[in-house]
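Novice: If you scroll down you'll find the structure; I have some questions about it.
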Amino acid sequence: QVQLVESGGGLVQPGGSLRLSCVASRSIFSFYDMGWFRQAPGNQRELVARINSGGSTVYADSVKGRFAISRDNTKNMVYLEMNSLKPEDTAVYYCNAQWLGINAWGKGTLVTVSS
């Protein structure tokens, strides 16, 4: 099983930027489809962005044009660059890895957008 550890969350003002990082424990990281999900209080966990093993990306409509997902297979890392942050982006952000029936989650990192 792959272990995932997120970092980079914090408090940011509306309009600000943050970069989330996720490191995976497995050296076969390049085979995994990676994603970022988020869950706000009282809400269900939702997909924010996904990048597959070939580098193709998918974004939630709410973050298109503001967020960018990327990966560095040499470092077993996936990133989420978040710009023009809004209060409604406040949530715990989770890293996710999927491959051959594996569906692994990190423990999450809190992003708070507030003035």
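Novice: Write down the accessible area per residue of the chain in Å², having rolled a 1.4 Å probe over the full set of protein chains.
Specialist: About 52 Å² of surface per residue is accessible.
Novice: Among 37, 20, 67, whose Cα sits farthest toward the positive end of the charge dipole of the chain (+1 at Cβ of Lys/Arg, -1 at Cβ of Asp/Glu, about the Cα centre)?
Specialist: Farthest along the dipole direction, towards plus: 20.
Novice: Let me ask another. So for the chain, averaging the separation of alpha carbon pairs under 8 Å that are six or more residues apart and normalising by length, what relative contact order in percent results? Write out the running numbers ahead of the final one.
Specialist: On the way: 277 pairs, mean separation 43.0, N = 115.
Relative CO of the chain lands at 37 percent.
Novice: Further question: Rank these residues by their accessible area, most exposed first, probe 1.4 Å: 21, 53.
Specialist: Working: 21 20, 53 60 Å².
Listed by decreasing accessible area, they come as 53, 21.
Novice: Also, quick follow-up: Just the number, please: percent antiparallel of the DSSP beta bridges in the chain, rounded to the nearest 5.
Specialist: Approximately 95 percent, going by the DSSP bridge assignments.
Novice: Measure off, as a whole percent, the carbon and sulfur share of the 1.4 Å-probe accessible area of the chain, all protein chains present. Intermediate values should be presented prior to the final figure.
Specialist: On the way: 2900 of 5970 Å².
Ligands and nucleic acids excluded, carbon and sulfur reach 49 percent.
Novice: Another one. For the stretch 66-107, what is the relative contact order in percent, using Cα pairs closer than 8 Å and at least 6 residues apart in sequence?
Specialist: Across the stretch 66-107, relative contact order equals 26 percent.
Novice: Then there is this: Please arrange 107, 64 by accessible surface area, largest first, computed with a 1.4 Å probe and ligands excluded.
Specialist: The residues order as 107, 64, largest area first.
Novice: Tabulate in residue order the Karplus-calculated ³J(HN,Hα) for the stretch 32-43, using 6.51 cos²θ - 1.76 cosθ + 1.60 with θ = phi - 60°, rounded to whole Hz; enter x for Gly and Pro.
Specialist: 7, 7, 10, x, 10, 10, 9, 9, 8, x, x, 10
The values are calculated or read from the model by the stated rules, or taken from the named source; none is laboratory data. Fair warning: this is a prediction, and the values are worked out from it, not measured in the lab. Here the Cβ is made from the backbone with ideal geometry for all residues, glycine too, and neighbour counts use every protein chain on show. For accessibility, only protein heavy atoms count, side chains too; no ligands or nucleic acids. Shrake-Rupley method; radii C 1.70, N 1.55, O 1.52, S 1.80 Å.
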